[in-house]
Amino acid sequence: MAVSLLRASRQRGVRAMTAAAGSAGRAALPLLLCALLAPGGAYVLDDSDGLGREFDGIGAISGGGATSRLLINYPEPYRSQILDYLFKPNFGASLHILKVEIGGDGQTTDGTEPSHMHYALDENYFRGYEWWLMKEAKMRNPNITLMGLPWSFPGWLGKHFNWPYVNVQLTAYYVMSWIVGAKRYHDLDIDYIGIWNERSFDINYIKVLRRMLNYQGLQRVKIIASDNLWEPISASMLLDPELLKVVDVVGAHYPGTHSVKDARLTGKKLWASEDFSTLNNDAGAGCWGRILNQNYVNGYMTSTIAWNLVASYYEQLPYGRSGLMTAQEPWSGHYVVESPVWVSAHTTQFTQPGWYYLKTVGHLERGGSYVALTDGLGNLTIIIETMSHKHSKCIRPLLPYFNVSHQFATFTLQGSFSEIPELQVWYTRLGKSSETFLFKQLDSLWLHDSGGSFTVELREDEVFTLTTITTGRKGSYPVPPESQPFPRVYKDDFNVEYPVFSEAPNFADQTGVFEYFINMEDHGEHRFTLRQVLNQRPITWAADAHSAISIIGDYKWSNMTIKCDVYIETPEKGGVFIAGRVNKGGILIRSARGIFFWIFANGTYKVTGDLAGWLIYAVGQVDVTVKEWYTLTLTVEGRFSSGMLNGKSLWSDIQVNFPKNGWAAIGTYSFEFAQFDNFYVDAAP
């Protein structure tokens, strides 16, 4: 006979799952009456006829647009707490996979990430924060899978073309060197490498990359392609035996839980190698919960990887708060463990890569889905989700309408699972805050004398995990500090002789790369500076601006005074700027408005209302030349702005009606070397 969760719990004299959910607004009706009101289906979980596909894990992406930019600036203990929530096994999201951007110096959604080779003869494997993040993840979970993927590439690879395959040997060497550098300098073994994020692939390049990896003894590094659509890579693999051999995983982005026939015919692993990208509220958690199950049920995808890992970038940049959790205030230490973390835990804490899906998975009769996985050693994990259409829309693709309603689902364990005596039960309900439960452990389900059957009462927007694994845990730390705005008065003299990271705290590069620099020729005030280090446009992934720019501060700032020492290195066409009220960033940076105060090596200055320099407020002559330090001051108050050079007024009372607020910024006229020092901002309330 089937034993219901309600009835099994009553036999033991403890609170039932049904009753627990009832405390969240559900009436604990008698079982027979509920069954009449909410019919359901019967489902068999059986391994007698073999197993389904091998499970490869759940993961998330750091990068793809500098999405972890602010995380590195968090003070301890908060930074370690955030990392524990993401990577520590049996604690929080407990991720199996970390995928990182191979920095290519270009804008890739919310910022730029530095390349390990800015120039042809340049190699540095300590730039940026992805190395650090991979090591932190590996320290917490030594078995975590590491992946790398380029979004943009440094310009020298393209030889003046916006194309990374001009010389496939050279580009393969560039990517291979990143893998070798990860091991040599950080003792990190990269497991998977991608081609070019959401852009065209080159068949010859993929083959050359495989041969070069093999030549370097990196046979263990697997290739995933093409991190875009299922087609045309799948069709190309079916037509080209060598390509089919060298590609290990077919990865698609935002597949809408469905794969295509050609992808399945390759016989390769199928992954949703980027998915989610949705605001991390409860609807975002519903999106995540639905696709974690249905990517396999509908599309045989054995891994799902979220963009992005942690929303650690200024929220007003594109796709703000689209991370599994939020950590965007290093100045306060405030962070939020969002509901997608706990939805992840329903799968990640009770499975591991190398487990197998059962063949008996599918949809529930009244909406929702179920999957079951086993390690082949007697353990079983069942994940059930009933996410409604309204509360589980991902940002893409369009979600066809479906209905989910109250139901009872009866599961029967057969094959090697028929003698399982007990299942641990974990429960999440999303919805109104007064009705929400996140990853709550309920009383165990005992299956003695039940014939291996049990009945689960299900309503909308719930996740259940029933498992033989007993190590699950809802980790916690003391409540982090309260949220605080960016400091109203902020300064940085960049005097860091041995920087741990290449970027200065809280500056978020949007085009170009700004790095700590030691000026060996200057032993005075400007020995340690911040330098824009690109001298040519990268091979772009997004619409990089023609000027390099790094933003900082509070997007709500309106009245402010910005002061910075600047140093132009490029003769004739060289120029630098400081700016306030910058209103756009990320992939929208080219159309950023604000108040921009420029000086140029040719002895001119300019005040513009936009980064592109089309909206000109003032121009004039000024005593400026290259390789001299100057102090720029920009004041914006209400509808008027003024500027000073070396403390002397250069222009004043320029009327500015738009925008009303935005970030502070520094930058260069083009991709050119320039230095900045003694940055200061005072934002009036």
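Does any residue of region 288-297 turn out to be in contact with a helix residue (DSSP H, G or I) (Cβ under 6 Å, 6 or more places away or on another chain) and aromatic (Phe, Trp, Tyr)? Taking every residue of region 288-297 in turn, at least one turns out to be in contact with a helix residue (DSSP H, G or I) (Cβ under 6 Å, 6 or more places away or on another chain) and aromatic (Phe, Trp, Tyr).
Do the conditions hold for residue 354, that is, is it under 17 Å from residue 46 (Cβ atoms), of a type outside the set (D, E, K, R) and either surrounded by fewer than 18 Cβ atoms within 10 Å (Cβ to Cβ) or assigned by TED's automatic domain parsing to the domain that holds residue 92 (or both)? For residue 354, the condition - under 17 Å from residue 46 (Cβ atoms), of a type outside the set (D, E, K, R) and either surrounded by fewer than 18 Cβ atoms within 10 Å (Cβ to Cβ) or assigned by TED's automatic domain parsing to the domain that holds residue 92 (or both) - is not met.
The condition (being among the hydroxyl-bearing types (Ser, Thr, Tyr) and not in a loop (DSSP other than H, G, I, E, B)) is satisfied by just one residue among 85, 119: 85. Of the residues making up region 545-554, just one is surrounded by 24 or more Cβ atoms within 10 Å (Cβ to Cβ), within 9 Å of residue 511 (Cβ to Cβ) and out of contact with any Leu (no Cβ under 8 Å at 6 or more places or on another chain), namely 550. Restricting 158, 65, 111, 103 to those that are touching a residue at least 24 places away in the same chain (Cβ under 8 Å), within 21 Å of residue 534 (Cα to Cα) and surrounded by fewer than 24 Cβ atoms within 10 Å (Cβ to Cβ) reduces the list to 158. Within region 380-436, the set of residues being among the aliphatic types (A, V, I, L, M), in contact (Cβ under 8 Å) with a residue 60 or more places away in the chain and more than 28 Å from residue 274 (Cβ to Cβ) comprises 380, 409, 413, 425.
Take the residues in region 613-649 that are in a strand (DSSP E or B) and among the charged types (D, E, K, R); name whichever of them is nearest to residue 683 (Cα to Cα). Working first, answer last.
Of the residues in region 613-649, the ones in a strand (DSSP E or B) are 616-621, 629-637, 640-645, 648-649.
Still in the list and also among the charged types (D, E, K, R): 637, 648.
Details: 637: 10, 648: 21 Å.
Across region 613-649, the extreme among qualifying residues is 637.
Just one of the listed residues (297, 343, 337) is over 21 Å from residue 254 (Cβ atoms) and either without any contact (Cβ under 8 Å) to a residue 60 or more places away in the chain or among the β-branched types (Val, Ile, Thr) (or both), namely 337.
Applying the selection to region 253-269, what residues are farther than 30 Å from residue 313 by Cβ and assigned to a strand (DSSP E or B)?
If the condition is that a residue be farther than 30 Å from residue 313 by Cβ and assigned to a strand (DSSP E or B), then 269 is the only one that fits.
If you go through region 314-335 and pick out every residue that is within 17 Å of residue 75 (Cα to Cα) and either in contact with a Lys or Arg (Cβ under 7 Å, 6 or more places away or on another chain) or outside any loop (DSSP other than H, G, I, E, B) (or both), you end up with 6. Does any residue of region 488-502 turn out to be over 30 Å from residue 89 (Cβ atoms) and under 24 Å from the mean Cα position of the chain (by Cα)? Yes, region 488-502 contains at least one residue that is over 30 Å from residue 89 (Cβ atoms) and under 24 Å from the mean Cα position of the chain (by Cα). For region 504-526, the set of residues classified as assigned to a loop (DSSP other than H, G, I, E, B) and at pLDDT 95 or above consists of 504, 505, 506, 507, 512, 513, 526, listed by residue number.
The values are calculated or read from the model by the stated rules, or taken from the named source; none is laboratory data. Quick caveat: nothing in here was measured; it's all calculated off a predicted structure. Don't worry about glycine lacking a Cβ; one is built from the backbone with ideal geometry, like all the others, and counts go over all protein chains shown.
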